[in-house]
Each structure stands twice: as structure tokens, then as C-alpha cells.
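Below is one structure, written out as C-alpha cells, with a few remarks after it.
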Ligand code: HEM
């Protein structure tokens, strides 16, 4: 049993994949220090990860000891609005909450959204000058998914820019104490105000549909509704942003990869699976709490302990993926854990995949000569336990779109 927690590989500024590789080999289930001063158990091998993510003894409904006690940072009513969503609940609440929004995220409904996502992508690319360095993250990878999820939910365009700041601060985590409580409060207040407006004047959007569900029976409480909108807005942003940005970093860091995408965009669905595996946007699962002692990979995790599954590590486990540290654009697809596993498997996966396909295809069409503006090893990853994302992605678009 490890008694001294290892430093946290996600925030220490190390070469993440190298450290995770060492942990997979030597200490596949290990207690690590959290930025909060507490500890969490980190699971790094694929098989253990998959099993942990579908183990009902690892609860999402209990506030994790390794995390932050929200109520010490925000008022009780804001705390309730953060913790009543599907990713913070176990069945039966989880089942009820997920079912309420499953419809709009189902593959067939999502597929029908392709033309308007293409229009959003084209409009953003219209504003990119071909001859000057730009930050692709800021100009394209971030605004595209923000516009998509905000339009789906019914957030007016003029309010969308405020979201990016809030979401970035929120996802940096409560350890970012200076910004986190204010961002959370601002976002919850905004959602409540918007719900009041939609109740007065419903539109053709998910918020209005959810309000109708709320008002017609007892299937959704006020806190659950606010919390659901909070989750959907957050989950739909940064993740897809980093699929696009991390993906472009990987594709541009060896120019023949980008040439390949430009020449054969029809290969994108498979390429996106490989990008998700190789440098996925969510590096670890959200926290789970052991409700009883749970054995994972030969290690007994005590009741009450916090468990974090490293998706980035599982997806580079050589026991599942041959030659795992090599990017292989035409790798035969073996399902990976980038979208999680089990009952909390990402609800937005079909949407995220579609957004990725549209985003890369539009870029390849308009900017086939795109290049990185700085060497890849000069780019800086943001410190976050959850998210794998860059601060910025400077590129030279190369030719007018
Ligand atoms: C859950 C990844 C995009 C909505 C998750 C989980 C992962 C994930 C790993 C499970 C977390 C856990 O079990 O602790 C991703 C990635 C994305 C992405 C890699 C982009 C490439 C989206 C989008 C939406 C979304 C666009 C749409 C709003 C959700 C929701 C859950 C979830 C609602 C919770 C599901 C539940 O608890 O049943 N996502 N996500 N995600 N994701 Fe995504």
C-alpha cells in the first residue's frame, strides 16, 4: 500500500504522457495529492479504468472527500445548483435526469444539425485573415462549440462571449480560488435570469422545453433544472474546443498529417477517434467516491476515498492499443475511453464527433496550407486535473480562405 501520495501529474507541469506511462507500469492504482491538499486514488490502466467507471460502488452522488467542499466557497443555494445534475447523481436520479435530455442528443437528431454547424464554421472562418498569425483556439476552436451549445439551449448570441471566461475559470477548478467562486456565481445567476426570461417568452430551444417539463409535473426540481443547464453549458464547451485545438496541434506538428486530412477528408471519422485516443480533451474522469472498500488492480481503496480515472493514460495503455504512443491516422478503430464508460458515458459524444468532423473538414477546405506558428514544444498546457487543453494555438493560416 502506498502511504505517501505522489504529486499530481496533471498540474505539476511535467510531460504528462511520460509520467502516466511510468505510473501505468509501476503503480497503476496510486494515491495522489490533490491541489486542494487532500488526496485521490488515480487509476491508469485501461482495464482497471473501464471497470472502475462502471462500478456502482464508486458513487457520483456523494461529495468527494478529495475535492473541494463547495459550500465553503459559495452559498448553499449556489452549491445546490452545481450538484443536482446527472453527472453528480447515481441512479435512480441519474436515470431520470439523463432521460429528460436524451432526445436532442440522440445520433439521428444530431446528424440533422450538420448544415447549421457547417454554417457556423464557415462564418467563423470568413473572419480569419489568411496572411497573419492567429490564435486558432480563440478564433475558431472555442467559439464554434460555444455557438452550437448556446443555440441549442437558447442562449442569446450577445451573451455567449461571457461564457468562455466563466467556463475557463470553472474548469480550471476550485483550486483556482481567486476566480472560481465568482465565475460559478455569475454563471448560476445568469442561468436563473435566463430561465425567468424563457418562462415569460418561450422559444424553440431546449431551455424552453425543459421549463415545460419542470412546470408540468414533478419530474424536475428548480435546482435540478438550473444544474442541468449548468452542466450542459460547461460540458459542451471546453471539451469540444480542445478536441479541435489538440487535434490541430497533433495534425500540424507533422505537416504530412495535415496534408493527408486535406487530401482525404472522408477519413476524418476514423482520424478523430485516433485524435481522441492520442490527445483527448478530457484527461481524467470526474471524481467518484468509494461507498465501501473497493479493490481495483490489486489495490484496496478504502471506503470514503476519492477515485479519479485517467482517461489519457488508459487510452495509451499498450495492453489495449498496439504501439500506443504513436499517432496512426488509419489505426483500426478500437473503442477508447475518451468519452468515459458506463452510465455516465458522454451524452454529447455524437454531437462532439460531428462538430469535430465539420470543424476539421472546413479548416482543411479553407486553409490547406495552415502551419503552426511556433514549434510544438513551445506550446503550454493549462494546469487542470480534468481538462487537457492549451493556453493558445498560434498558427499561420496560409492563404485567404
Ligand atoms: C460526460 C467527454 C463533449 C455532455 C462526459 C464524460 C466524459 C466526457 C469523459 C464522463 C465523465 C465521467 O464519467 O466522470 C467529452 C469529450 C467531449 C465531450 C471528450 C468532446 C470531444 C460533450 C458535449 C456535450 C457533453 C458537446 C453536450 C452538451 C456531457 C454530459 C455528460 C458528459 C451531459 C454527463 C453524462 C452523464 O452523467 O450521464 N463527457 N464530452 N459532452 N458529457 Fe461529454
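For the reader, a short list of remarks on this structure follows.
- Segment 99-212 - Rg and Dmax from Cα coordinates, angstrom: 16.2, 49
- Per-residue Cβ neighbour rank within 10 angstrom, fewest leading, 10, 367: 367, 10
- Calculated P(r) tail over 16 Å for segment 248-326, as whole % of Cα pairs: 64
- A simple spin-label model places the labels of residue 132 and residue 300 6.4 nm from each other, with each point 7 Å out along Cα-to-Cβ.
- The chain: most fluctuating residue of 144, 268, 379 per GNM, C-alpha cutoff 10 Å: 379
- Coordinate range of the alpha-carbon atoms in segment 278-360 per principal axis, descending: 44, 29, 16 Å.
- Computed helical MRE - 222 nm, the chain, DSSP H runs ≥ 4 contributing -39500 (n - 2.57), nearest 500: -14500 deg cm²/dmol
- Debye intensity ratio in log₁₀ form over the Cα atoms of segment 16-396, taken at each q of 0.13 Å⁻¹: -1.12
- Size descriptors for segment 338-395: radius of gyration and Dmax over Cα atoms are 15.0, 42 Å.
- Given their separation in residues at 0.36 nm each and the Cα-Cα distance between them, residue 204 and residue 326 gain 39.4 nm when the chain is fully extended.
- Under 18 Å from the residue 57 label point (7 Å along Cα→beta-carbon), backbone N, segment 283-309: 288-309
- Peptide ranges 192-205, 333-346 listed from the most packed, as the mean C-beta count within 10 angstrom indicates: 333-346, 192-205
- Our summary of shape: the Cα atoms of segment 68-158 have principal axis extents of 51, 37, 21 Å, ordered from largest down, in whole angstrom.
Quick note: the coordinates plus some simple rules give every number you see, no bench work behind them. Predicted, not measured: the structure shown is a model, and the values here were computed from it. Ideal geometry is used to build each Cβ from the backbone, glycine not excepted, and the neighbour counts take in all protein chains shown.
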